[in-house]
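See structure below.
The values are calculated or read from the model by the stated rules, or taken from the named source; none is laboratory data. None of these values were measured; they are calculated from a predicted model. Every residue, glycine among them, receives a Cβ derived from its backbone with ideal geometry; neighbour counts consider all protein chains shown.
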Amino acid sequence: MEQRYVGRSGLSVSRLGLGTMTWGRDTDAEEAAAQLRAFLDAGGTLVDTADVYTGGDSERLLGRMLRDSVPRSELVISTKAVVTPNGRRPRDASRRHLIAAVDDSLNRLGLDYVDLWQLHTYDTEVPLEETLAALDAIVSSGRAVYAGVCDYAGWQLAAAAVTQKSVPGRIPITSAQVEYSLLAREPERELLPAAAHLDVGVLAWSPLGRGVLTGKYRTGIPADSRAATPHFADFVRPYLDDRGRSVVESVMTAADGLGVSPLAVALSWVRDQRGVASAIVGARTHAQLKGILSAEDVVLPIEIREALDDVSSLD
């Protein structure tokens with residue numbers, strides 16, 4: 001699998017990343033281990049988790065595999081903090097919380113450091129300078145090697161990255177993780193241009209449009225799909241609209257013409273967008289991940305890319 005640098009940093013990651021949001025709930029330990037092995041065998045390196053995924057079980061499962069079966073040196077481990085679903089408020093980017101959160105993540109992972117540590121969302125209640133000072137402390141202490149942000153607006157990314165660049169010795173913002181797909185093109189308005197200007201690499205999550213771009217929902221909601229579960233139904237539903245159906249049909253047409261899966265078409269479109277260092281996929285099963293990995297060699301002709309650009313345009 002192709003490895004790419006994240007922005008202008010020295011951090012190199014596989015152009016497909018393995019998301020672990022379902023590990024410990026919809027994906028059990030055996031399935032998770034099979035996914036990680038298949039990902040490694042395909043040349044994948046970036047594994048993305050977060051402190052809140054399945055109540056910390058995602059990190060625990062990954063940590064167990066790192067101890068028992070997978071060489072740490074072969075992976076780029078990224079995790080996140082800020083979101084606090086069980087706290088007094090939904091997010092907390094205070095220095096107090098962030099320092100405690102990274103230590104808790106490292107304990108669950110069984111690691112001394114992570115390769116990439118990310119601010120999971122922007123916290124309007126805490127001064128940005130305090131949040132960034134905590135980020136500096138975490139990287140300077142050796143708990144993380146690189147730092148990034150997740151789900152920031154364009155202006156929020158610019159504020160954070162410029163603040164860090166303006167003071168010698170501050171830790172740069174290396175990455176910006178954001179939802180990006182043929183069904184989620186809002187980042188093209190501000191976030192992607194800001195990232196390009198600031199030399200920040202983009203990590204695209206849910207490049208398959210929360211599973212909708214695979215075509216599985218064309219005739220209804222399969223019983224074994226995420227949309228059929230109580231915890232993911234609201235997550236998927238926004239893309240089961242008229243625009244979503246139109247984009248999916250165009251993806252299906254392109255797939256038929258190329259003789260590949262609709263999954264491969266949708267994933268290739270995101271993966272090869274300018275500035276995208278890695279597209280992070282979250283498969284529920286080993287079989288699903290194998291299908292995703294099989295799309296590694298698919299490259300869309302420019303005519304098909306432009307047609308998909310047109311049909312999915314926000315304008």
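Checking 32, 93, 38, 42 one by one, the residue that is touching a His at 6+ places or on another chain (Cβ under 8 Å) and modelled with pLDDT of 95 or more is 38 and no other.
Residues in the range 17-61 that are polar (S, T, N, Q), touching a helix residue (DSSP H, G or I) at 6+ places or on another chain (Cβ under 6 Å) and closer than 19 Å to residue 296 by Cα: 35 only. When the range 267-284 is limited to residues that are in contact with a strand residue (DSSP E or B) (Cβ under 7 Å, 6 or more places away or on another chain) and at pLDDT below 95, the one that is surrounded by the fewest Cβ atoms within 10 Å (Cβ to Cβ) turns out to be 284. Select from the range 182-205 the residues that are in contact (Cβ under 8 Å) with a residue 40 or more places away in the chain and part of a loop (DSSP other than H, G, I, E, B) and write down the one among them that is surrounded by the fewest Cβ atoms within 10 Å (Cβ to Cβ). Among those that are in contact (Cβ under 8 Å) with a residue 40 or more places away in the chain and part of a loop (DSSP other than H, G, I, E, B), it is 189.
Let me spell it out: the conditions are (1) aromatic (Phe, Trp, Tyr); (2) over 13 Å from the mean Cα position of the chain (by Cα); (3) surrounded by 19 or more Cβ atoms within 10 Å (Cβ to Cβ), and residue 53 meets all of them except one. Which number is the exception? Going through (1) aromatic (Phe, Trp, Tyr); (2) over 13 Å from the mean Cα position of the chain (by Cα); (3) surrounded by 19 or more Cβ atoms within 10 Å (Cβ to Cβ) one by one, residue 53 breaks only (2). Among all residues of the range 230-244, there is none that is out of contact with any Cys (no Cβ under 6 Å at 6 or more places or on another chain), at pLDDT 95 or above and either buried (at least 19 other Cβ atoms within 10 Å of the Cβ) or within 20 Å of residue 178 (Cα to Cα) (or both). Here residue 25 passes the criteria (1) more than 16 Å from the chain's Cα centre (by Cα); (2) touching a residue at least 40 places away in the same chain (Cβ under 8 Å); (3) within 24 Å of residue 139 (Cα to Cα) except the one numbered (3).
Scanning the range 139-159 for residues that are free of Cβ contacts under 8 Å to residues at least 40 places away in the same chain and within 20 Å of residue 178 (Cα to Cα) yields 147, 149, 151, 152, 153, 155, 156, 159.
Would you please name the residue that is surrounded by the most Cβ atoms within 10 Å (Cβ to Cβ), looking only at residues in the range 302-315 that are in contact (Cβ under 8 Å) with a residue 24 or more places away in the chain and over 18 Å from residue 239 (Cβ atoms)? Even if it seems obvious, please write down each step before you answer.
Looking only at the range 302-315, we keep the residues that are in contact (Cβ under 8 Å) with a residue 24 or more places away in the chain, and these are 304-305, 307-308, 311-314.
Applying the additional criterion that residues be over 18 Å from residue 239 (Cβ atoms) yields 304-305, 307.
Values: 304: 19, 305: 17, 307: 15.
Among those residues, the one meeting the criterion is 304.
Can you spot a residue in the range 173-181 that is among the aromatic types (Phe, Trp, Tyr), touching a helix residue (DSSP H, G or I) at 6+ places or on another chain (Cβ under 9 Å), within 20 Å of residue 10 (Cβ to Cβ) and surrounded by 15 or more Cβ atoms within 10 Å (Cβ to Cβ)? Looking through the range 173-181, none of the residues is among the aromatic types (Phe, Trp, Tyr), touching a helix residue (DSSP H, G or I) at 6+ places or on another chain (Cβ under 9 Å), within 20 Å of residue 10 (Cβ to Cβ) and surrounded by 15 or more Cβ atoms within 10 Å (Cβ to Cβ).
When residue 107 is tested against (1) buried (at least 17 other Cβ atoms within 10 Å of the Cβ); (2) touching a Gly at 6+ places or on another chain (Cβ under 9 Å), just one condition goes unmet, and that condition is (1).
Scanning the range 2-27 for residues being small (Gly, Ala, Ser), touching a Lys or Arg at 6+ places or on another chain (Cβ under 8 Å), surrounded by fewer than 17 Cβ atoms within 10 Å (Cβ to Cβ) and in a loop (DSSP other than H, G, I, E, B) gives a total of 0.
Here residue 219 fulfils each of the conditions (1) among the β-branched types (Val, Ile, Thr); (2) crowded, with 22+ Cβ neighbours inside 10 Å; (3) part of a loop (DSSP other than H, G, I, E, B) apart from (2). Among the candidates 30, 59, the residue that is of a type in the set (D, E, K, R), assigned to a helix (DSSP H, G or I), over 26 Å from residue 153 (Cα atoms) and without any contact (Cβ under 8 Å) to a residue 24 or more places away in the chain is uniquely 30.
Residue check: is residue 208 closer than 19 Å to residue 281 by Cα, in contact (Cβ under 8 Å) with a residue 24 or more places away in the chain and in a helix (DSSP H, G or I)? Taking the combined requirement at face value, the residue does not satisfy it.
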